[in-house]
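J.: Have a look at the structure that comes next, please.
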C-alpha cells in the first residue's frame, strides 16, 4: 500500500502584536518553530475517512479531510506521534495542516500551504503555525485588516486567511528548554471571552511591543546577540496581550518561568495561552541544568515533562508519493 508520511513541527508563540487596531490592522505575531516535540502522521488511500490514534486531534483532522477530499475518495490517517493539545505548542494547526498536506500529496491537488490553511480554517488570528509548517525558523506576521476580521478573537473563532509573513529567518543554534505542565491553557469559549474582556489593548502597550520587536528582537537575531534577544523575550511577558496571558497562569507555571529567567536563561516566557514555559540558553550544559530543576518543580506541583530542543529551520517534512 502506498503511504504518505508527514512530520510537522511544534511552535512557540512569543507574542501577539496589535490588539488595539487603531491603524486598521489587528493581530500580528512572532514565533519560533521547534525541532521537538513534533507530530508524525501516516496516510493511505481508503474508501472513507478513518483516523487512528490521538482522539483529541482526530476531529481537526476529520474536518480537514471533509474540506479537501475529492468526491468519492477517502483517507486513512494514523497518528504515530502527537502533540499535547491546548498547551501553547500549536497542535491544532499542525494536526489540520498535516492531514491537509497528506491529502494534497495523495490526490495531487497542487495546493500551497496557504491555500490548505484557508481550506481548513487555520491562521485566523496568528499566522505563525501556518508559516512554521511551511518554512520553519523564526517568523513575524503582519496580522489582518480589521475591516475584514471585524473583531478581536482567537484563531479558532476567526474566519480570515493567515496574515502575511513580514520576516522569516533561520533561528540561531541556541538551545531551548521546554517545560510542559500537566494542565491546559485557555481554549474554546474561555479563550473567546478573554479576548472580549481585555481587548482593545491600550495603544501605548502596542507601541511598546512594536518598539521592542523592531529595535531589539530583530537586530538581536541578525547579529545573533542572545543577551538582547532574551531581554526582548522577558519584556514581552510584561506588556500587551501577553501580560494578560501570563497573569492567567497558575503559580507553579510562573515559578518555573521566573526560575529560568533568574538562573541562566537569557529569556523565558509563556507560549501563547500557556501553560508551556520556554527558556532560551547559551549552551546545552546550561539547558540540561535548567531542565533538571524545571522537572523537579513540575514533579512537586502540576506534573508534566521537560525537554531540551532547538529551532527547526525548515517546515514540515513530507515523504512518499502517490502511485
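J.: Rg to Rh ratio, segment 7-57, alpha-carbon atoms and Kirkwood radius?
T.: Here Rg/Rh amounts to 1.21.
J.: How high is the relative contact order of segment 1-45, in percent, counting Cα pairs under 8 Å that sit 6 or more residues apart?
T.: 54
J.: I would also like to ask the following. Starting from the Kirkwood Rh over alpha-carbon pairs, what translational D in µm² s⁻¹ does the chain have by Stokes-Einstein at 20 °C and 1.002 mPa s?
T.: 109
J.: What are the equivalent ellipsoid semi-axes of segment 213-301, built from the alpha-carbon gyration tensor (square roots of five times its eigenvalues), in whole angstrom, biggest first?
T.: 22, 18, 8
J.: Same structure, new question: Above 15 Å lies some portion of the pair distances; for segment 237-287, what is it as a whole percent of all C-alpha pairs?
T.: It works out to 42 percent of all Cα pairs.
J.: A further question follows. Please give the contour-minus-distance gain from residue 147 to residue 305: 0.36 nm per residue of separation, less the Cα-Cα distance, rounded to one decimal in nm.
T.: 52.7 nm
J.: Give the distance, in whole Å, between the Cα centre of segment 112-145 and the Cα centre of segment 288-313.
T.: Comparing the Cα centres of segment 112-145 and segment 288-313, I get a distance of 28 Å.
J.: What translational D, rounded to a whole number of µm²/s, comes out for segment 192-252 from Stokes-Einstein when the hydrodynamic radius is the Kirkwood one over Cα pairs, at 4 °C and 1.567 mPa s?
T.: 103
J.: Rank the residues 278, 259, 107 as a footprinting-exposure proxy: fewest other Cβ atoms within 10 Å of their Cβ go first.
T.: 107, 259, 278
J.: Can I ask one more? Quick one: which of 202-212, 169-179 comes out on top by average Cβ neighbours within 10 Å, and what's the full order, highest first?
T.: 169-179, 202-212
J.: Something else: At q = 0.15, 0.18, 0.23 Å⁻¹, what base-10 log of I(q)/I(0) does the Debye formula yield for segment 91-203 when every alpha carbon is treated as an equal point scatterer in vacuo?
T.: Values, matching the q order: -0.80, -1.08, -1.32.
J.: Please compute the volume of the convex hull spanned by the alpha-carbon atoms of segment 21-117 and report it per residue in Å³.
T.: Output value, Cα hull per residue: 126 Å³.
J.: Then there's this: How much of the calculated P(r) for segment 147-297 lies past 21 Å, in percent of all Cα pairs?
T.: 51
J.: Taking 22 Å as R0, compute the FRET efficiency from the Cβ-Cβ separation of residue 52 and residue 188 and round it to 0.05.
T.: Result of the calculation: an efficiency of 0.35.
J.: Work out how much length residue 7 to residue 35 would gain on full extension: take 0.36 nm times their residue separation and subtract the Cα-Cα distance, in nm to one decimal.
T.: Here the answer is 9.0 nm.
The numbers here are math on the coordinates, done by the rules we state, and not lab data. Just so it is clear, the model here is predicted, and its values are computed rather than measured. Ideal geometry is used to build each Cβ from the backbone, glycine not excepted, and the neighbour counts take in all protein chains shown.
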